[in-house]
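Below you'll find the structure, written out as structure tokens, and then a few comments.
The values are calculated or read from the model by the stated rules, or taken from the named source; none is laboratory data. In this text the structure is predicted, and so the values were computed from the model without any measurement. We place every Cβ from the backbone using ideal geometry, glycine too, and count neighbours over all the protein chains shown.
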């Protein structure tokens, strides 16, 4: 769980400086929380349910997964809906056009990284 940064700390000052002088900082901050893009990617690959995501990422806590899913929905990257006529009620997620557009960028970044920054074993 992330702790709140004190407004008077050097970290808070550095974040303000970055926000003032580097306009990509806000976007990077929105997409950079651990698990966020990975969860969005899995939803795009038809891993639609909380329980399925837990199987893909067994080390993620329920609290963090729920938080990331909430952020993804709130930011309009995916929609959450209930599956009709299911008992118990099932909830699924689906990537929106906005989410798909972001994933294209993330996948292009991944491809660039593979080509230009090969992973050293």
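Quick notes on this structure:
- In the stretch 1-25, the residues that are closer than 24 Å to residue 104 by Cα and loosely packed, with under 11 Cβ neighbours inside 10 Å: 22, 23, 24
- Helices (runs of 4 or more DSSP H) lying entirely in the stretch 1-79 (those with 3 or more residues that are without any contact (Cβ under 8 Å) to a residue 12 or more places away in the chain, over 25 Å from residue 95 (Cβ atoms) and more than 13 Å from the chain's Cα centre (by Cα)): 10-21
- Residues that are modelled with pLDDT of 90 or more and touching a helix residue (DSSP H, G or I) at 6+ places or on another chain (Cβ under 8 Å) are absent from the stretch 18-30 altogether.
- In the set (1) in contact with a helix residue (DSSP H, G or I) (Cβ under 9 Å, 6 or more places away or on another chain); (2) modelled with pLDDT of 95 or more; (3) under 25 Å from residue 6 (Cβ atoms), residue 76 fails one condition alone, (3).
- There is at least one residue in the stretch 84-93 that is in contact (Cβ under 8 Å) with a residue 12 or more places away in the chain, under 20 Å from residue 31 (Cα atoms) and surrounded by 14 or more Cβ atoms within 10 Å (Cβ to Cβ).
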